[in-house]
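Below: one structure, written as structure tokens.
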Amino acid sequence: MEHASAIRLENVTKTFGSVVANKNICLDIRYGEILSLLGENGSGKTTLMNMLSGIYFPDSGKIYVNEKEVTIRSPKDAFDLSIGMIHQHFKLVDIFTAAENIVLGDNSNKKENLKSAAKRIREICDQYGFDVDPNQKVYNMSVSQKQTLEIVKVLYHGAEILILDEPTAVLTLQETEKLFAVLRNMRKAGKAIVIITHKLNEVLEISDRVSILRRGEYIGTVETKDATELSLTEMMVGKKVSLDIARPIVEKKKPLLEIRNLSIQNDEGNTAIDDVSFYIRGGEILGVAGIAGCGQKELCEAIAGLRKIERGTMIHQGEDISAMTPKQILAKGISMSFIPEDRLGMGLAPSLSITDNMLLKTYSEGKSPLVDRKRGRREAEKVIADLDVVTPSTETPVRRLSGGNVQKVLLGREIKSGPNVIITAYPVRGLDINSSYLIYDILNQQKQNGVGILFIGEDLDVMLSLCDKIMVLCHGRVMGIVNADNTSKEELGLMMTGAINLAEAKSTEDKRIGIAKDSYIKKEGE
């Protein structure tokens, strides 16, 4: 069945200085379909969609909406054409409520507008199964709630054509399944949907067609039913690739970081990490698996000195760092790097250039009152060259880079400091296949150099391939630490939900583990 064209692009081109973001792109977006847009980081996917949402204006080419040529110069023009985009980095005002964010920019009477907005928001939530409180402040929302609010916002404004940039990057598996159910309902209702994503399994699950960009150029569109992960990867990269993750064998060294009986509270004052103990050895990658919100974020921040510890100790090569701030840790000469989940909010200063971000950890070390930007520029140039960062120059603000290139800058800065312990949270979230494997290679190289790595991830297949050991958390408690060679995704999943507790089994009996496994297998068989 052929669907009517919602948007048609003809030879659309966009450049930023000497960088060609999009070159003569031709694309067809149809009503009643979900189109996935694939490409490596920096291939021009988000730039192309930003032109449809009114953020950028094309240098040349034509845009047709409902077969009529249009000019989109602003987000308002896009809204008027029923185009709504949900961006990877949220466009919300933290101190405003959900309803206030949704009606922002509306020139009608504010009191009446907020009252009617709250009613309409509830209707949308009831229709699609969303959970949004119109009166809740954004700063009190979880990441998934903010994502939901962004989607409700464009629906509120009557969007018939929805563009979602990395919509599942911040969602749990359950939240992703719920979102996909909503998207299928929207497709059934005749809406046109575009998803920018790097998760090939999601592309194959949710989309009808897949369009591929490579270095700003359109490569082609295929029917999803005729595609595989390998064929899509080859189209993205332009060559045959191996999807195997290496795990080099390295002689383990003594523990570099020891965590003993650690307990931490979250921002609401509840226990996030409860009596957790483990250690990281040099030449080892220790993975941390767990359902989102089970304490991974708080654990990272505590080790980095960003969060207060309620109980327990942290020992780095014999030095107690339990009560130290990040500045005190650096002053002690302790070589440790933290790569946070929030790249632009916590890891980098988005308005500063790549050069200036390189200097954030070392600007105070110079003898001169002036910052040595020449050194920072040299370091920026090396990171750009080594990690293949796509950017017009070293002076480009990092907020103008794609998500994958932002992550490369952050990782490059942290590694150049020569740490012996690296704490990294979701380092490949939002990255394409090629960039993800580059990150895995970098981590493996650090491992071979004797660095101890704490790797918090969400893809169990990746963790089983990359990590030497995996620690599983459930509600802030350790369910067990297992050797990656001697476990399975199923066992990790049971531990993540609390059905198996190897930590207890060591001091009791293993029979209850067997019972849990048998009951699970029997249930699955039914």
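The values are calculated or read from the model by the stated rules, or taken from the named source; none is laboratory data. As the structure is a prediction and not an experimental result, all values here were calculated from the model. When we count neighbours, we look across all protein chains shown, and the Cβ atoms used for this are built from the backbone with ideal geometry, even at glycine.
Being hydroxyl-bearing (Ser, Thr, Tyr) and within 30 Å of ARG311 (Cβ to Cβ): is that true of THR424 here? Yes.
Within segment 424-452, restricting attention to residues that are part of a loop (DSSP other than H, G, I, E, B) and of a type in the set (Val, Ile, Thr), the residue that is nearest to LEU37 (Cα to Cα) is VAL428.
Going residue by residue through segment 163-179, is there one that turns out to be at pLDDT 85 or above, crowded, with 17+ Cβ neighbours inside 10 Å, within 19 Å of GLY404 (Cβ to Cβ) and aliphatic (A, V, I, L, M)? Looking for residues that are at pLDDT 85 or above, crowded, with 17+ Cβ neighbours inside 10 Å, within 19 Å of GLY404 (Cβ to Cβ) and aliphatic (A, V, I, L, M), one finds at least one in segment 163-179, hence yes.
State yes or no: is SER60 at pLDDT below 90, farther than 29 Å from THR224 by Cβ, out of contact with any Asp or Glu (no Cβ under 9 Å at 6 or more places or on another chain) and assigned by TED's automatic domain parsing to the domain that holds ILE206? Judged against the criteria, SER60 is not a match. State whether the residues of segment 316-335 include one that is of a type outside the set (Phe, Trp, Tyr), crowded, with 20+ Cβ neighbours inside 10 Å and under 22 Å from the mean Cα position of the chain (by Cα). Looking for residues that are of a type outside the set (Phe, Trp, Tyr), crowded, with 20+ Cβ neighbours inside 10 Å and under 22 Å from the mean Cα position of the chain (by Cα), one finds none in segment 316-335, hence no. Selection of segment 22-46 for residues being at pLDDT 90 or above and buried (at least 22 other Cβ atoms within 10 Å of the Cβ) yields ASN22, ILE25, ILE29, ILE34, LEU35, SER36, LEU37.
Can you name the residue in segment 241-277 that is under 30 Å from SER231 (Cβ atoms) and of a type outside the set (A, V, I, L, M) and is also surrounded by the most Cβ atoms within 10 Å (Cβ to Cβ) among such residues? Full working, then the answer.
So in segment 241-277, the residues under 30 Å from SER231 (Cβ atoms) come out as 241-248.
From what's left, of a type outside the set (A, V, I, L, M): 242, 244, 247-248.
Working: SER242: 9, ASP244: 8, ARG247: 17, PRO248: 11.
Residue satisfying both the conditions and the ranking: ARG247.
For segment 127-225, which strands (runs of 3 or more DSSP E) that fit wholly inside it have 3 or more residues that are within 20 Å of VAL428 (Cβ to Cβ)?
Numbers: elements: 161-165, 192-196, 209-214, 217-223.
Correct list: 209-214.
Within segment 50-89, the residues that satisfy the criterion of being surrounded by 17 or more Cβ atoms within 10 Å (Cβ to Cβ) and of a type in the set (Phe, Trp, Tyr) are TYR56, PHE79. Determine whether ILE259 is assigned to a loop (DSSP other than H, G, I, E, B) and outside the structural domain of TYR31 (by TED's automatic domain parsing). No.
A quick yes/no check of all residues on (1) among the hydroxyl-bearing types (Ser, Thr, Tyr); (2) more than 23 Å from the chain's Cα centre (by Cα):
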position: LEU256; (1), (2): no, yes
position: GLY269; (1), (2): no, yes
position: SER277; (1), (2): yes, yes
position: GLY290; (1), (2): no, no
position: GLY293; (1), (2): no, no
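Can you tell me which residue within segment 63-88, out of those that are within 23 Å of the chain's Cα centre (by Cα) and farther than 20 Å from GLN136 by Cα, is modelled with the lowest pLDDT? Among those residues, the one meeting the criterion is GLN88. Scanning segment 187-228 for residues that are among the polar types (S, T, N, Q) and modelled with pLDDT under 90, we see that the one that is nearest to LEU460 (Cα to Cα) is ASN201. If you go through segment 90-108 and keep only what is assigned to a loop (DSSP other than H, G, I, E, B), over 26 Å from the mean Cα position of the chain (by Cα) and surrounded by 12 or more Cβ atoms within 10 Å (Cβ to Cβ), you end up with LEU104, ASP106. Checking LYS239, LYS199 one by one, the residue that is under 27 Å from ALA181 (Cβ atoms) and among the basic types (Lys, Arg) is LYS199 and no other.
Applying a threshold of 7 Å to beta carbon distances and a minimum spacing of six or more residues, or different chains, the list of pairs starting in segment 383-405 at a residue that is assigned by TED's automatic domain parsing to the domain that holds MET358 and closer than 17 Å to ASP441 by Cβ and ending at one that is buried (at least 20 other Cβ atoms within 10 Å of the Cβ) and charged (D, E, K, R) reads VAL383/ARG413; LEU387/LYS408; VAL389/LYS408; GLY404/ASP432. Among residues of segment 464-496 being polar (S, T, N, Q) and surrounded by fewer than 16 Cβ atoms within 10 Å (Cβ to Cβ), the one that is farthest from the chain's Cα centre (by Cα) is ASN486.
Going residue by residue through segment 17-37, is there one that turns out to be more than 27 Å from GLU205 (Cβ to Cβ) and without any contact (Cβ under 8 Å) to a residue 60 or more places away in the chain? No, segment 17-37 contains no residue that is more than 27 Å from GLU205 (Cβ to Cβ) and without any contact (Cβ under 8 Å) to a residue 60 or more places away in the chain. Can you confirm whether segment 244-256 contains a residue that is in the same structural domain as ALA499 (by TED's automatic domain parsing), small (Gly, Ala, Ser) and touching a residue at least 12 places away in the same chain (Cβ under 8 Å)? Checking segment 244-256: not a single residue is in the same structural domain as ALA499 (by TED's automatic domain parsing), small (Gly, Ala, Ser) and touching a residue at least 12 places away in the same chain (Cβ under 8 Å).
Please go through segment 407-418 and pick out each residue that is surrounded by fewer than 21 Cβ atoms within 10 Å (Cβ to Cβ) and either of a type in the set (Gly, Ala, Ser) or in a loop (DSSP other than H, G, I, E, B) (or both). Passing the criteria: SER417, GLY418.
Are any of the residues in segment 72-82 over 18 Å from LYS153 (Cβ atoms) and either in a loop (DSSP other than H, G, I, E, B) or not aliphatic (A, V, I, L, M) (or both)? Looking for residues that are over 18 Å from LYS153 (Cβ atoms) and either in a loop (DSSP other than H, G, I, E, B) or not aliphatic (A, V, I, L, M) (or both), one finds at least one in segment 72-82, hence yes.
Okay, residues lined up against (1) of a type outside the set (A, V, I, L, M); (2) buried (at least 22 other Cβ atoms within 10 Å of the Cβ); (3) not assigned by TED's automatic domain parsing to the domain that holds GLU67:
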residue	(1), (2), (3)
LYS115	yes, no, no
ARG122	yes, no, no
MET186	no, no, no
ILE193	no, yes, no
ASN201	yes, no, no
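Among the residues of segment 38-45, is any within 18 Å of LEU401 (Cα to Cα) and part of a strand (DSSP E or B)? For segment 38-45, residues within 18 Å of LEU401 (Cα to Cα) and part of a strand (DSSP E or B): present.
Residue-by-condition table, conditions (1) closer than 27 Å to PRO419 by Cβ; (2) small (Gly, Ala, Ser); (3) touching a residue at least 40 places away in the same chain (Cβ under 8 Å); (4) part of a helix (DSSP H, G or I):
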| residue | (1), (2), (3), (4) |
| --- | --- |
| LEU454 | yes, no, yes, no |
| VAL462 | yes, no, yes, yes |
| SER465 | yes, yes, yes, yes |
| LEU473 | yes, no, yes, no |
| ILE481 | yes, no, yes, no |
| ASP485 | yes, no, no, yes |
| GLU490 | no, no, no, yes |
| GLY493 | no, yes, no, yes |
